[in-house]
Amino acid sequence: MHGPASSGWLLVVLCAVTGAYCLVRMRGSAGEQRSTAGGEALMGFGMAAMAVPAAVFTPPPWAWPAYAVVFGAAAVPALWAARAGAHHLHHLVGAGAMVYMSVVMAGAPAHAHGQGGSGVPLLTGALLLYFAGYVLLTGVRLVPVAAVAGSGAGGGGSAGWGDRPELARACRLSMGIAMVAMLLTL
């Protein structure tokens with residue numbers, strides 16, 4: 001992605017840690033939760049790879065179309081699962097946003113920064129609004145879960161890292177924030 005190297009590295013670390021935690025969640029889950037955690041891990045690691053500052057590593061020309069194919073393939077099961085609920089619809093929007101960013105980056109010259117005087121494209125603006133809303137809503141939902149988890153009601157110490165709903169929401173929140181940041185630098 002285009003933008004300052006320091007913010008790029010922060011995005012890389014944030015997304016990689018989120019992806020690693022999602023792998024831990026995937027290991028400790030079964031069924032649909034395992035699939036969801038796997039999709040979120042793919043998204044986290046993919047976002048980390050895309051956020052590496054261009055000043056440090058310029059991806060080869062085939063990398064952006066490869067990202068588009070990978071996230072396009074990830075969108076297929078998300079599309080199928082979206083029939084079951086809104087969270088899967090969010091995965092579909094996220095995979096679509098990654099495909100969109102990959103296509104835009106494939107067509108962007110390596111030295112270009114931002115949109116210049118052309119303004120924000122309609123799809124980028126719509127995705128920014130969606131993910132900004134998602135971040136706000138997820139942040140609001142995270143507060144009550146954290147307050148209940150911290151109440152010390154006896155069995156709180158037995159939950160494993162993958163079984164903590166507030167950590168899963170915090171990871172989704174951080175990926176949403178990272179998506180907003182990546183869309184802003186597009």
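The values are calculated or read from the model by the stated rules, or taken from the named source; none is laboratory data. The model shown is predicted, which means the values in this text are computed figures rather than measured ones. Using ideal geometry, Cβ is built from the backbone for each residue, glycine included, and neighbour counts are taken over all protein chains shown.
Just a few scattered comments:
- Of the criteria (1) at pLDDT below 70; (2) part of a helix (DSSP H, G or I), which one G114 fails: (2)
- Residues of region 2-24 that turn out to be among the hydrophobic types (A, V, I, L, M, F, W, C) and buried (at least 22 other Cβ atoms within 10 Å of the Cβ), as a count: 3
- Only residues that are surrounded by 18 or more Cβ atoms within 10 Å (Cβ to Cβ) and modelled with pLDDT under 90 were counted across region 93-107, and they come to 1.
- Tally, over region 155-181, of residues that are over 29 Å from T124 (Cα atoms) and either modelled with pLDDT of 85 or more or not in a helix (DSSP H, G or I) (or both): 3
- One residue alone among V120, V148, V140 is at pLDDT 55 or above, of a type in the set (V, I, T) and loosely packed, with under 13 Cβ neighbours inside 10 Å, and that residue is V140.
- Residues of region 25-48 satisfying the condition of being in a helix (DSSP H, G or I) and surrounded by fewer than 17 Cβ atoms within 10 Å (Cβ to Cβ): R27, G28, G31, E32, Q33, R34
- Qualifying residue in region 82-93 (condition: within 17 Å of the chain's Cα centre (by Cα) and of a type in the set (K, R)): no
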